[in-house]
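Scroll down for the structure; my scribbles are underneath it.
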């Protein structure tokens with residue numbers, strides 16, 4: 001099959017720690033309150049940024065007829081739009097959404113668990129994708145990788 005061999009499906013890598021944090025907050029409460037007007041504003045701004053950023057990314061992917069869902073075959077190395085700024089723009093957006101949900105829910109635990117999701121995403125999805133792209137596209141991907149950061 002022409003697709004990366006994920007260890008963890010990307011939405012689960014980020015979603016499971018987020019859900020665990022939200023459930024922990026609901027079950028036992030938070031040791032620190034993060035509720036407040038600033039938290040809601042920042043959470044709202046991050047949610048808006050997610051919609052705009054991932055919308056832009058998906059439109060570039062659709063215009064180039066490449067796989068949109070994680071695990072699909074990559075037909076070319078995208079280097080325009082948000083792909084000029086990040087090798088993983090959809091994942092950057094999903095991390096922003098995780099932060100937004102944690103802040104809007106005022107869940108200390110969900111916020112603390114975001115780095116766990118990022119680590120799981122990096123280990124379980126990004127690194128296998130990078131191996132797949134390097135094997136499939138060789139020097140073209142390595143050149144892109146040298147120019148564009150993994151995140152931002």
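Values quoted throughout were computed directly from the atomic coordinates according to the rules given, and no laboratory measurement underlies them. Keep in mind that this is a model prediction, so the values were computed, not measured. Cβ placement follows ideal geometry from the backbone for every residue including glycine, while neighbour counts extend to all protein chains displayed.
When we screen 35, 20, 5 for residues that are surrounded by fewer than 17 Cβ atoms within 10 Å (Cβ to Cβ), out of contact with any helix residue (DSSP H, G or I) (no Cβ under 9 Å at 6 or more places or on another chain) and touching a residue at least 12 places away in the same chain (Cβ under 8 Å), the only hit is 35. Touching a helix residue (DSSP H, G or I) at 6+ places or on another chain (Cβ under 9 Å), part of a helix (DSSP H, G or I) and without any contact (Cβ under 8 Å) to a residue 24 or more places away in the chain: does that describe residue 44? The answer is no for residue 44.
Scoring residue 62 on the criteria (1) assigned to a helix (DSSP H, G or I); (2) in contact with a helix residue (DSSP H, G or I) (Cβ under 9 Å, 6 or more places away or on another chain); (3) more than 20 Å from residue 149 (Cα to Cα) leaves a single failure, condition (2).
Filter the range 100-113 down to the residues that are part of a helix (DSSP H, G or I) and surrounded by 20 or more Cβ atoms within 10 Å (Cβ to Cβ) and list them by number. Steps first, please.
We begin by selecting, within the range 100-113, every residue part of a helix (DSSP H, G or I); these are 100-104, 108-113.
Correct list: 100, 101, 102, 103, 109, 110, 111, 113.
Residues in the range 114-132 that are surrounded by 17 or more Cβ atoms within 10 Å (Cβ to Cβ) and over 14 Å from residue 10 (Cβ atoms): 114 alone.
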